[in-house]
Amino acid sequence: MTGSASRTPPLRVMIVEDEPLISLALQEIVRSCGHVIAAVVDNAEDAVAHAAHVELDLALMDISLHGRQGGIDAAVALREAHDLRSIFVTAHTDPGTRDLAQAAWPLGLVAKPIHPARLNAALRNAAGTLAALAARAG
């Protein structure tokens, strides 16, 4: 089915990425997919702080962040404190890292270098999952 009835509303996305050029690329892709950039931060601590004050649907989270806390820890904290789920965007796709990432209950993992079509697919899948979870809860 086509048309607006089959579309999910735009996601309000927080980008958590410490590499400025990658952050800009993510912002452009997210916007081109029809979603809203609600926050952009470059470390885990700011991500958790922003989630308390900004209405968000999803975080795009780098696993390797500068600072005391990494992306997996931040994603777990966001899920536990704010019921906010993440898609990991990372160059670290080895099985050990993937196993560690499961603690955050991610909605996806997109490997770097970022391909817009793959990120778009991950965002579509996340939007569908979040809509289904919301329908079940309410």
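Assorted remarks:
- Accessible surface calculations at 1.4 Å, restricted to protein heavy atoms, place the chain at 54 Å² per residue.
- Of His53, His66, His115, the one that fluctuates the most in a GNM where the chain has Cα springs shorter than 10 Å: His53
- The chain - percent of accessible surface contributed by carbon and sulfur, probe 1.4 Å: 54
- Within the assembled protein chains, the solvent-accessible surface assigned to Thr8 is about 70 Å², based on a 1.4 Å probe.
- Exposed loop sites here are trypsin sites (Lys or Arg not before Pro) assigned a DSSP state other than H, G, I, E or B and surrounded by at most 15 other beta carbons within 10 Å; excluding them, the longest clear run of the chain is 69-138.
- Selected from Ala52, Ala122, Ala75 as most flexible by GNM, with the chain as the system and alpha-carbon contacts under 10 Å: Ala52
- Computed P(r) (all Cα pairs; region 7-91; 10 Å bins; percent): 20, 56, 23, 1
The values are calculated or read from the model by the stated rules, or taken from the named source; none is laboratory data. Predicted model only: the values in this text are computed from it and were never measured. Reconstructed Cβ throughout: ideal geometry from the backbone, glycine too, with neighbour counts over all protein chains shown. Remember, those area values only see protein heavy atoms, side chains included, never the ligands or the DNA or RNA. Shrake-Rupley method; radii C 1.70, N 1.55, O 1.52, S 1.80 Å.
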